[in-house]
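As structure tokens, the structure follows; a few thoughts come after it.
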Amino acid sequence: MENIEQLLDFLAVPRYIVITSHRNPDGDAIGSSLGLYHFLNKFGHTVRIIFPSEFPDNFGWMPHSDNIIIYDNDPDVAKETVERADIIYCLDFNALDRIDKLGENVADQNVPKVLIDHHLDPEPFAEYELSDISYSSTSELVYTYIELSKGMKELDIDIASCLYTGIITDTGSFKYSTSPRLFRVVSHLLETGVDDYDIQDKVNNSYNEKQIRLLGHCLSHRMEIIPEYSAGIIVLTKGDYEHFDIKRGDTEGIVNYLLMMRNIKIAAFITEQPTIVKISLRSKGDFSVQEIASKYFNGGGHKNASGGYAFKSLGWMVRQFKKVLPEYAEALSPYN
Ligand code: 5GP
Ligand code: MN
């Protein structure tokens with residue numbers, strides 16, 4: 001962010017600040033938003049967080065999480081809050097359509113916007129951009145933002161616990177997207193007294209019985225392997241959603257089980273939602289699913305974790321995914 005000085009000048013007086021992040025917020029969306037909240041709050045600003053939709057229960061322990069405004073639940077409060085904003089921070093997403101209707105409200109507000117994000121090709125809607133795909137997570141970028149703001153002396157256990165949560169979410173607890181820089185950042189976060197064991201336990205050991213039974217169902221009855229393209233697919237139908245009473249977040253992480261097989265290089269998790277069919281894509285190593293998500297499924301994301309959707313049937317999505325595979329035959333060949 002070259003123009004950070006200008007931003008810091010703007011923030012030299014108390015402001016009404018809105019922080020927003022993407023729909024179906026994950027640990028990084030929540031952790032980066034709350035981490036930034038606790039930081040900005042120290043400077044006398046009034047800070048509000050708005051998410052388009054609810055977040056999973058296993059993040060409910062995070063300090064201040066119960067004050068987050070959810071657009072789906074309180075659209076009027078959310079709109080009024082955006083209208084009051086002097087400045088809007090957009091965290092962990094690269095395009096305004098990732099925040100649903102809230103995106104229109106944000107676009108309509110003629111106030112400075114700050115983008116802090118680690119996705120490819122951000123839409124140019126923000127005056128201030130801290131966008132870098134080499135970062136593990138938006139939470140790691142919020143740490144850098146604090147550094148650039150010369151605010152490191154404000155780093156405390158609340159900020160650090162939130163950022164640590166975002167980092168473990170987006171790195172699969174340090175399995176991917178890691179770097180020497182990340183471990184230096186995490187080392188500093190832990191120095192504030194963060195209870196890393198406790199956070200790992202609260203974030204990762206959070207399944208209930210229903211979710212584990214659903215996982216069993218997916219692996220026993222809904223999984224297909226296509227060995228010639230090193231591909232695995234899991235599909236969930238509307239009937240499954242009713243039978244298992246699946247709520248948002250219950251299916252989190254299921255797609256990763258496909259990658260636990262040595263020979264699988266690409267994994268797809270396809271779900272039938274009320275109006276759309278959603279695809280979650282994962283890959284290992286150098287093979288990128290980002291291009292497939294943007295080219296064929298109105299989506300995007302990261303090299304090894306992307307997603308998209310279509311206003312089509314479940315069957316269409318499965319057929320379309322299978323049709324795309326031959327285009328990448330060489331990279332996906334089990335002999336390469
Ligand atoms: P998930 O598969 O967990 O829903 O999403 C994985 C990643 O893919 C997310 O972090 C996000 O970057 C990206 N992603 C998922 N769904 C969409 C989508 O519909 N549009 C775009 N642009 N990106 C998506
Ligand atoms: Mn993220």
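The values are calculated or read from the model by the stated rules, or taken from the named source; none is laboratory data. Every value quoted in this text rests on a predicted model; they were computed, and no experiment measured them. Cβ atoms come from the backbone with ideal geometry, glycine included; neighbour counts cover every protein chain shown. In case anyone asks, the SASA skips ligands and DNA or RNA and just uses the protein heavy atoms, side chains included. Shrake-Rupley method; radii C 1.70, N 1.55, O 1.52, S 1.80 Å.
Just a few scattered comments:
- Residues of segment 59-115 that turn out to be away from ligand 1 (no atom under 16 Å from the Cβ), open to solvent by 10 Å² or more (accessible area, probe 1.4 Å) and small (Gly, Ala, Ser), as a count: 2
- Of all the listed residues (Tyr145, Tyr135), the sole one being more than 16 Å from ligand 1 (Cβ to nearest atom) and among the hydroxyl-bearing types (Ser, Thr, Tyr) is Tyr145.
- Against the test of being among the basic types (Lys, Arg) and within 16 Å of ligand 2 (Cβ to nearest atom), the options Arg98, Arg84 yield a single qualifying residue, Arg98.
- Residue within segment 28-50 that is modelled with pLDDT under 95 and either touching a Pro at 6+ places or on another chain (Cβ under 8 Å) or open to solvent by less than 20 Å² (accessible area, probe 1.4 Å) (or both) present: no
- Residue check, Arg282 among the basic types (Lys, Arg), assigned to a loop (DSSP other than H, G, I, E, B) and assigned by TED's automatic domain parsing to the domain that holds Lys312: no
- Candidates Asn58, Asn73, filtered to the one that is within 16 Å of the chain's Cα centre (by Cα), more than 25 Å from Leu120 (Cα to Cα) and not hydroxyl-bearing (Ser, Thr, Tyr): Asn58
- Residue count for segment 157-184, restricted to those that are open to solvent by less than 10 Å² (accessible area, probe 1.4 Å) and either away from ligand 1 (no atom under 16 Å from the Cβ) or not in a helix (DSSP H, G or I) (or both): 7.
- When segment 272-286 is filtered for residues that are crowded, with 18+ Cβ neighbours inside 10 Å and more than 16 Å from ligand 2 (Cβ to nearest atom), the ones remaining, listed by number, are Glu272, Val277, Lys278, Ile279, Ser283.
- In segment 275-309, the residues that are within 11 Å of ligand 1 (Cβ to nearest atom) and aromatic (Phe, Trp, Tyr): Phe297, Tyr309
- Looking only at segment 289-323, and only at residues there that are crowded, with 19+ Cβ neighbours inside 10 Å and away from ligand 2 (no atom under 16 Å from the Cβ), the one that is nearest to Asp26 (Cα to Cα): Gly308
- Picking from residues in segment 127-147 that are crowded, with 16+ Cβ neighbours inside 10 Å and of a type in the set (A, V, I, L, M), the one that is nearest to ligand 2 (Cβ to nearest atom) is Leu141.
- Search result, residues across segment 288-336 that are over 20 Å from Ile254 (Cβ atoms) and assigned to a loop (DSSP other than H, G, I, E, B): Ser288, Asn298, Lys303, Phe311, Lys312, Ser313, Ser333, Pro334, Tyr335, Asn336
- Contact annotation: residue pairs with Cβ atoms under 7 Å, 6 or more positions apart or on different chains, pairing a residue in segment 4-30 that is within 16 Å of ligand 1 (Cβ to nearest atom) with a partner that is open to solvent by 50 Å² or more (accessible area, probe 1.4 Å) and modelled with pLDDT under 95, are His22/Arg98; Arg23/Arg98; Arg23/Asp100; Asn24/Arg248.
- Residue in segment 37-48 that is hydroxyl-bearing (Ser, Thr, Tyr) and away from ligand 2 (no atom under 16 Å from the Cβ) present: yes
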